[in-house]
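So the structure is just underneath, and the comments pick up after that.
The values are calculated or read from the model by the stated rules, or taken from the named source; none is laboratory data. Remember, it's a predicted structure, so these values are computed and weren't measured experimentally. Positions of Cβ are generated from backbone atoms using ideal geometry, with glycine treated the same way; all protein chains shown enter the neighbour counts.
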């Protein structure tokens, strides 16, 4: 069983990759910086591919290099806090990294999952993109995460039999993005993603935090 973790060279993605490796999963991490990706992969004992979510021309070569993917974890994200009106490119970039790229990677991984009759897709989202939690994400972040949530909710109707998709919120995690004041460790943030990937069964089209379903 092989998993691809985008943005797996640091933070929550690194913790997810480490947890998967510890459970005996064949792991590939995708990294925008190929050198940093290889350094992280060496530390983890896994494979790395160059995958820049702002550059769609890297997607297909990365999937080809990674090999057939059974578990896709769309972890990589970006936090741009600028006004969407004053600096609209921030929204465009947020949507590319956290909505368009995950969808394209799903499409690239689906042929193998369809053939196998099984597959897991986990989207790293956020309460900041939840309407139930007032969509408090700044700039384009909350909008992009809300779009990712909508994709997760709607896509099960089009997925092949045996393929599941879920979103999860890791909480406020002490990473480069979350900052030093965040109360949760990357390992705590990674826990629900690992549970969805390996232990949650055939649940699909849901949104989770701390292994509990939450509202969109």
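General remarks:
- Selection from the stretch 1-11 of residues that are buried (at least 22 other Cβ atoms within 10 Å of the Cβ) and out of contact with any strand residue (DSSP E or B) (no Cβ under 6 Å at 6 or more places or on another chain): 7, 11
- Residue match in the stretch 139-152 (condition: touching a residue at least 24 places away in the same chain (Cβ under 8 Å) and part of a loop (DSSP other than H, G, I, E, B)): yes
- Qualifying residue in the stretch 53-67 (condition: under 25 Å from residue 178 (Cα atoms), touching a strand residue (DSSP E or B) at 6+ places or on another chain (Cβ under 6 Å) and modelled with pLDDT of 95 or more): no
- The stretch 160-186: number of residues that are in contact with a helix residue (DSSP H, G or I) (Cβ under 6 Å, 6 or more places away or on another chain), at pLDDT 90 or above and assigned to a loop (DSSP other than H, G, I, E, B): 3
- Residue within the stretch 137-145 that is surrounded by 17 or more Cβ atoms within 10 Å (Cβ to Cβ) and touching a strand residue (DSSP E or B) at 6+ places or on another chain (Cβ under 6 Å) present: no
- Leading residue by the ranking (farthest from the chain's Cα centre (by Cα)) among those in the stretch 16-27 that are within 22 Å of residue 169 (Cα to Cα) and not in a helix (DSSP H, G or I): 23
- A count restricted to the stretch 187-202 and to residues that are under 23 Å from residue 150 (Cβ atoms) and touching a helix residue (DSSP H, G or I) at 6+ places or on another chain (Cβ under 8 Å) stands at 3.
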